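Read through the structure below, which is laid out as structure tokens, and then see the notes.
The values are calculated or read from the model by the stated rules, or taken from the named source; none is laboratory data. Only a predicted model underlies this, so the values are computations on that prediction, with no experimental measurement involved. When we count neighbours, we look across all protein chains shown, and the Cβ atoms used for this are built from the backbone with ideal geometry, even at glycine. Surface accessibility is based on the protein's heavy atoms, side chains included, excluding ligands, DNA and RNA. Shrake-Rupley method; radii C 1.70, N 1.55, O 1.52, S 1.80 Å.
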Amino acid sequence: PYSKDSMHASYTDDEARDIVDIHRRVSEDFSIFDIDVTTERPPTMNNSVLHVLVTSRTQANGQPMPFSTGGGYAFINVFTRSDYHVKFAPALVFDDRLFKRSDYIAEAVSHE
């Protein structure tokens, strides 16, 4: 989960403000398409749901996340595939590669 202080059990006020800012920016980017941008997991994950995970480039076990040398990663030309949500999701955004800045993270989420 998103964290600036590595305390994943709760959010600081600063982290909560960042989450709201990231959500606002991404929602604004997609508003022209009437897309529901949410921080809640939808009841059904299928090929009409795009899932982006904002996370660290390092897993809890200390191993690097796949494709973690950049700010984010997503497969291209797979969103309309029926197996998208099984084989190609989620898209990944590495907050620690983006200086944990909400504006950079939002741009990466919208891009991925």
With the cut-off at 1.5 for a/c, could you classify region 1-59 from its C-alpha gyration tensor as rounded, prolate or oblate? oblate
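If you scale each eigenvalue of the Cα gyration tensor by 5 and take the root, what three semi-axes come out for the chain, rounded to whole angstrom and sorted largest first?
Details: eigenvalues 97, 65, 34 Å².
In descending order the semi-axes read 22, 18, 13 Å.
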Suppose every K and R has +1 on its Cβ and every D and E has -1 on its Cβ; what is the size of the dipole of the chain about the Cα centre, in Debye to the nearest 20? 420
Could you work out the longest stretch of the chain that avoids the trypsin sites (Lys or Arg not before Pro) located in DSSP loops with at most 15 other Cβ atoms within 10 Å? 5-80
Would you give the gap between the C-alpha center of region 1-58 and the C-alpha center of region 74-96, rounded to a whole Å? 15
Calculate the FRET efficiency for S27 and N61 from the Cβ-Cβ distance with a Förster distance of 22 Å, rounded to the nearest 0.05. 0.10
Pick out, from Y11, T69, N46, the residue whose Cα sits farthest towards the positive end of the charge dipole of the chain, with +1 on the Cβ of Lys and Arg and -1 on the Cβ of Asp and Glu. T69
Using a 1.4 angstrom probe on the protein heavy atoms only, line up V54, V26 by accessible area, largest first. V54, V26
Of all the accessible heavy-atom surface of the chain, with the other protein chains kept in place and a 1.4 Å probe, what percent is carbon and sulfur? 54
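Over the chain, give the accessible area per residue in Å² for a 1.4 Å probe, as an integer.
Details: 7620 Å² over 112 residues.
Heavy-atom SASA per residue in the chain reads 68 Å².
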